[in-house]
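Taking it in order: structure first as structure tokens, then the write-up.
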Amino acid sequence: MVVRVWEAAKEAGRIDRVLVATDDERIAAAVRDVGGEVVLTSPDAPSGTDRLAEAARKIPADVYVNIQGDEPLMSPANIDAAVETLVGDLQREIATIALSIPASEAVDPNVVKVAVAKDGRALYFSRAGIPYPRNGQPAHRKHLGIYAYRAATLQRLAALPPSPLERLESLEQLRWLEAGYTIWVGEAADDSIGVDTPEDLEKAERYLRKEPVS
């Protein structure tokens with residue numbers, strides 16, 4: 001799974017260097033076997049952002065992209081979209097991507113939804129089906145597990161303590177919103193399936209076999 005993510009990142013046009021940050025020698029060996037570059041990090045990192053921040057202290061850059069290892073269907077176009085959402089404005093510090101989904105998918109708590117302002121700012125992320133369609137048609141947007149950060153911002157985010165909303169929903173990006181940061185949301189090029197459950201793995205495998213995915 002991690003190797004598939006690494007391969008997609010290598011194909012992205014807006015990425016200059018791809019590394020896999022891990023504390024697991026088995027993952028490191030699998031990546032090295034295909035010619036990938038690995039940064040070993042502490043096993044105590046509480047989130048992917050913390051792990052990336054640790055790796056970033058060893059490898060200087062202006063922008064870092066966190067592509068999660070459990071996103072085997074994340075496309076190079078989506079990776080480029082996240083980067084372009086960030087670098088399109090020098091004032092932006094954090095960017096991610098999302099896409100519209102039907103109401104039937106929004107009820108799944110493993111699918112993270114984001115409510116977005118007209119100018120592209122994330123208003124809130126939730127496992128619940130936000131926004132609630134009390135008047136009008138549902139307008140749910142699925143958040144995909146990828147972030148782009150300015151270098152200094154990444155280190156500041158990693159230094160933040162866990163927040164109440166983050167603990168409640170188990171979503172680290174809520175920590176950033178509660179701390180006053182703005183997260184900019186770009187349009188995803190296509191969908192991806194984050195593998196959080198055995199059912200997710202089955203969906204991803206069916207997709208790769210070009211079978212129908214419900």
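Have a look at W176, W184 and point out the one that is at pLDDT 95 or above, among the hydrophobic types (A, V, I, L, M, F, W, C) and in a strand (DSSP E or B). Full working, then the answer.
Numbers: W176 fails: in a strand (DSSP E or B).
Only one candidate passes the filter, namely W184.
When M74 is tested against (1) in contact with a Leu (Cβ under 8 Å, 6 or more places away or on another chain); (2) in a helix (DSSP H, G or I), exactly one condition is not met: (2).
Could you please find all residues in the range 26-36 being exposed (fewer than 14 other Cβ atoms within 10 Å of the Cβ) and in contact with a strand residue (DSSP E or B) (Cβ under 8 Å, 6 or more places away or on another chain)?
R32
State all residues of the range 1-15 that are assigned to a helix (DSSP H, G or I), touching a helix residue (DSSP H, G or I) at 6+ places or on another chain (Cβ under 7 Å) and not hydrophobic (A, V, I, L, M, F, W, C); if no residue qualifies, say none. Give the steps one after another, and end with the answer.
Of the range 1-15, the ones assigned to a helix (DSSP H, G or I) are 2-11.
Still in the running and touching a helix residue (DSSP H, G or I) at 6+ places or on another chain (Cβ under 7 Å): 2-3, 6, 8-9, 11.
Within the range 1-15, E11 is the sole residue that qualifies.
To keep it simple, each residue is scored yes or no on (1) over 24 Å from S192 (Cα atoms); (2) of a type in the set (G, A, S).
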| residue | (1), (2) |
| --- | --- |
| E7 | no, no |
| K10 | no, no |
| E25 | yes, no |
| G36 | no, yes |
| Y64 | no, no |
| I67 | no, no |
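Going by the conditions given, is R51 in a helix (DSSP H, G or I) and either at pLDDT 95 or above or not hydroxyl-bearing (S, T, Y) (or both)?
Numbers: in a helix (DSSP H, G or I): yes; either at pLDDT 95 or above or not hydroxyl-bearing (S, T, Y) (or both): yes.
In short, yes.
Do you know which of the residues in the range 16-48 that are within 17 Å of the chain's Cα centre (by Cα) and either acidic (D, E) or not in a helix (DSSP H, G or I) (or both) is nearest to A81 (Cα to Cα)? Here the answer is V18.
Every residue, every condition in (1) surrounded by fewer than 19 Cβ atoms within 10 Å (Cβ to Cβ); (2) at pLDDT 95 or above, yes or no:
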| position | (1), (2) |
| --- | --- |
| D44 | yes, no |
| N66 | no, yes |
| D70 | yes, no |
| A77 | yes, yes |
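Only one of the numbered conditions (1) farther than 21 Å from S75 by Cα; (2) of a type outside the set (A, V, I, L, M, F, W, C); (3) part of a strand (DSSP E or B); (4) touching a Lys or Arg at 6+ places or on another chain (Cβ under 8 Å) is violated by G129, and that is (3). Tell me which residues, restricted to the range 132-173, are outside any helix (DSSP H, G or I), surrounded by fewer than 18 Cβ atoms within 10 Å (Cβ to Cβ) and in contact with an Asp or Glu (Cβ under 8 Å, 6 or more places away or on another chain). Correct list: S163 only.
The values are calculated or read from the model by the stated rules, or taken from the named source; none is laboratory data. As the structure is a prediction and not an experimental result, all values here were calculated from the model. Because the Cβ atoms are built from the backbone with ideal geometry, glycine has one as well, and the counts that use them run over all protein chains shown.
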